[in-house]
Amino acid sequence: MTTDIDIAARLRQIRTARGLSQRALARRVGVPNSTISLIESGRSNPTIGALKRILDGIPVGLAEFFAFEPEAPKRYFFAAHELREIGKGRISYRQIGESGTARALQMLAEVYQPGADTGKVPLSHQGEEVGLVLSGRLEVTVDGQRKHLGPGDAYAFESHLPHRFRNPGSEPCHVVSACTPPTF
């Protein structure tokens with residue numbers, strides 16, 4: 001069953017996508033502007049008949065209205081438990097922010113368990129990468145150059161260069177990294 005919030009968000013997004021103001025829609029269907037406002041704010045739940053009459057003014061059918069998925073509101077802040085895990089095994093990559101095709105930058109909170117390695121075959125892809133080691137030790141190899149990094153040390157390179165990461169230490173290594181464009 002659809003909630004009041006779903007109806008409110010769907011109606012608002014469909015109305016604005018069609019270039020209609022609340023007043024213009026209200027005039028088309030012969031209801032007070034406050035009726036549209038109350039429904040879109042979630043303070044009023046229309047009957048199916050009233051909703052159909054409003055949708056006829058857009059025009060959109062009930063089936064299309066209930067099949068429509070409104071865009072999620074933009075989010076700017078994320079609790080630690082909301083970071084999405086995109087790694088597996090002994091390497092954890094937690095996505096900072098929401099993923100999506102429109103993103104130009106990807107940030108990750110990474111954890112390499114002792115001995116964890118991205119693999120013997122170096123990685124290579126388009127873009128750039130930067131990272132900052134927060135704790136532990138990280139061995140980074142870029143284009144044949146190898147360096148052991150500790151807390152506060154950082155790396156930056158063009159991602160088309162062959163590269164790999166390995167934790168040579170006995171404790172987890174925590175890194176914050178960014179790459180552009182997103183590679184996961």
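The values are calculated or read from the model by the stated rules, or taken from the named source; none is laboratory data. The shown structure was predicted, so the numbers you read here are calculated from the model rather than taken from an experiment. Backbone-built Cβ (ideal geometry, glycine too); neighbour counts: all protein chains shown. The area values use the complete protein model at the heavy-atom level, side chains included, leaving out ligands, DNA and RNA. Shrake-Rupley method; radii C 1.70, N 1.55, O 1.52, S 1.80 Å.
Here the simple spin-label model places points 7 Å from the Cα toward Cβ, and for LYS88 and ASP117 these points are separated by 2.0 nm. For segment 1-75, the fraction of alpha-carbon pairs lying more than 16 Å apart is 42 percent, rounded to a whole number.
Summarising the overall dimensions of segment 88-184 from its C-alpha atoms, the Rg and Dmax are 12.6, 39 angstrom. For the chain, the solvent-accessible area of protein heavy atoms averages 60 Å² per residue (probe radius 1.4 Å; ligands and nucleic acids excluded). Which one, (1) 48, 35, 30; (2) 72, 29, 26; (3) 74, 48, 27, gives Cα extents along the principal axes in Å as derived from the coordinates shown? Of the listed options (1) 48, 35, 30; (2) 72, 29, 26; (3) 74, 48, 27, (2) comes from this structure. May I ask you to give the percent of accessible area on segment 113-184 that is carbon plus sulfur, with a probe radius of 1.4 Å? Here it works out to 54 percent. Across the chain, the relative contact order, built from alpha-carbon pairs under 8 Å that are at least six residues apart, equals 18 percent.
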